Amino acid sequence: MAKNRIGIDVGGTNVKLALVTSEGKILNSSSIPTHAELGYEFTVNNIKDAIRALLKEANLTPKDIEGIGFGFPGQVDYKTGVVKLAPNIPGWVDIPIGKMIEEEFGIPTRVDNDVKCATLGELNFGAGKGCENLVCITVGTGIGSGIVVNGKLVRGAANAAGEIGHIKLQMHDGPICGCGDTGCFEAFASGPAIVAMAEDYIKGGKSTKYRELANPEITPYVVYEAAKAGDPVAKRIFTVMGEYLGIGLASVVNLLNPEKVIIGGGVAASGDYLMQPLKETLKQRSMKIAGDSVEVVPAELGNNAGVIGASLLIEN
Ligand code: ADP
């Protein structure tokens with residue numbers, strides 16, 4: 001019988017852990033606060049305790065586990081299991097987490113970027129099941145992506161492939177991006193761009209529902225609530241965001257000719273307000289053959305994509 005794996009999804013706020021079967025089924029799971037401000041050793045020790053607790057709960061020992069996988073929101077050296085840089089987890093610079101965990105438990109451990117993990121999850125057990133070529137994007141604070149070509153995750157020369165969010169949509173100037181450049185796709189079309197646009201409309205004197213709903217700040221979720229309540233300005237914001245996403249994805253679809261584009265992340269929970277204009281724009285702006293053969297679908301694994309995908313690193 002195939003052994004179980006442990007998948008670990010490290011975020012800026014929480015670390016999620018799960019015992020996962022080789023069929024992608026979660027047997028048990030837990031979550032601990034990251035507390036990056038207390039230093040990486042603190043977080044690593046808590047992760048080790050949480051792994052022990054997970055094993056104990058399932059009456060298993062390290063011998064029963066085939067592999068441990070970690071997903072991190074940042075740059076990871078997949079070959080050496082080192083987290084190079086995780087912008088939302090201060091202090092995680094050149095941390096050899098793979099080796100640290102392997103030495104502690106004697107279980108083979110792999111480490112990769114969190115969106116690459118989510119992509120593996122969706123490919124094997126979610127919206128991308130059966131696909132040979134797909135692109136999975138997450139729209140939240142930024143735009144992350146994972147690319148699958150000929151059934152394999154594309155990692156690139158330095159495991160840095162898939163930065164769709166940094167495709168340039170504008171040659172000079174444009175909105176400033178978190179990466180330090182300007183005019184990047186994600187600077188036009190992510191959570192902060194929704195908020196910036198919503199604030200601009202207010203400055204321009206538009207009367208909007210999201211101004212009433214803000215608590216106290218405007219978030220993409222608040223703009224979504226306003227759209228649901230019928231606010232035309234909020235709906236317009238999602239339409240423009242969807243158009244930007246469609247334009248950015250048209251380049252990706254032309255380049256890779258995927259069967260599916262899978263859309264996940266918190267902002268994607270806005271559903272058709274975003275998806276409808278995205279799909280229409282993608283259809284209009286991509287080249288005919290690639291545009292006709294792609295299907296745009298929502299991610300299926302939701303919050304579990306990270307841990308399920310991380311559990312698959314041992315075979316990918
Ligand atoms: P992160 O990139 O920080 O991990 P997530 O993918 O978790 O982000 O997405 C969080 C964002 O999603 C927040 O900005 C939140 O306001 C937004 N969000 C959550 N639900 C919705 C919704 N239904 N519609 C639009 N935005 C949403």
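Numbers at a glance
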item	result
Principal-axis tilt of helix 114-125 within the chain, Cα atoms, nearest 10 degrees	80
Under Karplus coefficients 6.51, -1.76 and 1.60, residue-wise ³J(HN,Hα) of segment 244-254 in Hz, glycine/proline x	4, 4, x, 5, x, 6, 4, 5, 5, 5, 5
Debye-sum result for segment 216-316 in log10 I(q)/I(0), which assumes one identical scatterer on each alpha carbon, at q = 0.11, 0.16, 0.18, 0.21 Å⁻¹	-0.41, -0.77, -0.90, -1.04
Reference-scaled alpha-carbon Rg (2.2 N^0.38 Å with N residues) for segment 1-132	1.01
Normalised contact order of the chain, rounded percent, pairs of Cα under 8 Å and 6 or more residues apart	20
Overall dimensions of segment 179-274 as given by Cα atoms, namely Rg and Dmax in Å	14.2, 43
Assigned charges on the beta-carbon of Lys, Arg, Asp, Glu; the chain dipole about Cα centre (debye)	400
Acute angle (nearest 10 degrees) that the helix 191-203 long axis makes with the longest principal axis of the chain, alpha-carbon atoms	30
Segment 130-299 - Rg and Dmax from Cα coordinates, angstrom	16.2, 51
Principal axis box of the chain, alpha-carbon based, largest edge first, Å	61, 47, 36
About the Cα centre, charge dipole magnitude for segment 130-299 (Lys/Arg +1, Asp/Glu -1 at Cβ), debye	180
Leading residue at positive end of dipole, the chain (Cβ point charges), from S286, L245, A226	S286
5 angstrom amide H check on S286, placed H, neighbours 5+ away	none
Relative packing of peptides 128-139, 286-297 - highest average C-beta neighbours within 10 Å first	128-139, 286-297
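Taken together, the values in this text are just the output of simple stated rules run on the coordinates, not laboratory data. Computed from a predicted model, the values in this text were never measured in an experiment. Note that each Cβ is placed from the backbone with ideal geometry, even for glycine, and that neighbours are counted across all protein chains shown.
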